1. Between ARG11 and ASN129, what is the FRET efficiency for a Förster distance of 25 Å, r being their Cβ-Cβ separation, to the nearest 0.05?
2. Averaging over every viewing direction, what projected area does the convex hull of the Cα atoms of the range 104-182 cover, in nm²?
3. Per residue and in Å³, how big is the convex hull formed by the alpha-carbon atoms of the chain?
4. How many nm is it between the label spots at ARG147 and VAL30, if each spot is 7 Å from the Cα in line with the beta carbon?
5. How would you rank HIS136, HIS23, going from fewest to most other Cβ atoms within 10 Å of each one's own Cβ?
6. What percent antiparallel are the DSSP beta bridges of the range 10-191, to the nearest 5?
Amino acid sequence: MPAKPREIPFREELTFLKAMIAHPKGVGAVAPSSPALARAIARQIDPDIAGKVLELGPGTGVVTEALVERGIEATRIVAVEYDPELARMVAARVPKAQVIVGDAFNLDATLGTQAEPFISAVSGVPLLNFTMRQRHAYVEDVLRRLRTGGAMVQFSYGLTPPVPACRDFSVERVAVIWLNLPPARVWLYRRR
Ligand SMILES: C[S@@+](CC[C@H](N)C(=O)[O-])C[C@H]1O[C@@H](n2cnc3c(N)ncnc32)[C@H](O)[C@@H]1O
């Protein structure tokens with residue numbers, strides 16, 4: 001029997017909506033990701049590889065929580081969210097995660113002295129709302145912060161990857177999630 005969809009608590013929905021109205025281009029979705037999408041994203045991360053996971057644009061923390069359910073200790077998660085109210089929600093939902101209010105497009109400033117490379121990254125930043133040049137620079141910058149073999153997981157609502165493969169990185173589609181509004185695709189980026 002298919003799993004019963006989790007009801008989104010009203011406060012979570014409202015906070016997300018408020019953020020959407022304040023900066024629609026940055027939030028880029030009508031609701032937080034469904035549990036099915038959050039699980040599909042978290043499934044791409046191997047909890048047995050030691051080290052920290054970088055999460056960009058956690059929103060209300062639905063993917064952060066799925067990462068913990070996947071077996072990644074909350075203390076291993078560094079989440080970067082630029083909306084302070086959403087960031088507070090992530091911190092309340094997953095108290096042991098490190099939540100930073102900052103810009104995922106300016107990781108040097110946002111991450112400061114965090115020098116250790118991450119094992120992987122998951123990104124919910126709505127890349128389709130940015131120029132191709134910005135998207136490309138974003139993927140390159142995130143991949144640069146991962147250990148050898150690490151991958152960046154990105155979801156999007158488009159049929160094709162938000163940034164096409166190039167000389168420096170590859171991209172593959174790892175899931176299509178129909179149980180999401182709108183249906184979403186999960187992409188995996190790796191350095192060549
Ligand atoms: C489509 S929502 C995804 C939220 C969550 N990951 C989910 O799956 O429900 C995009 C999120 O990225 C955040 N965001 C957008 N641009 C950002 C940036 N430059 N730096 C950090 N967070 C950003 C938004 O505030 C929002 O929380």
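No value in this document is a laboratory result; all are computed from the given coordinates. Since the model is a prediction, treat every value here as computed from it, not as a measurement. As a convention, Cβ positions derive from the backbone with ideal geometry for all residues, glycine included, and neighbour counts pool all protein chains shown.
1. Rounded to the nearest 0.05, the efficiency is 0.50.
2. Details: hull surface 23.5 nm².
So the mean shadow area of the Cα hull is 5.9 nm².
3. Here the figure is 113 Å³ per residue.
4. My value for the distance between the label points is 4.1 nm.
5. So the ranking, lowest neighbour count to highest, is HIS23, HIS136.
6. 45 percent
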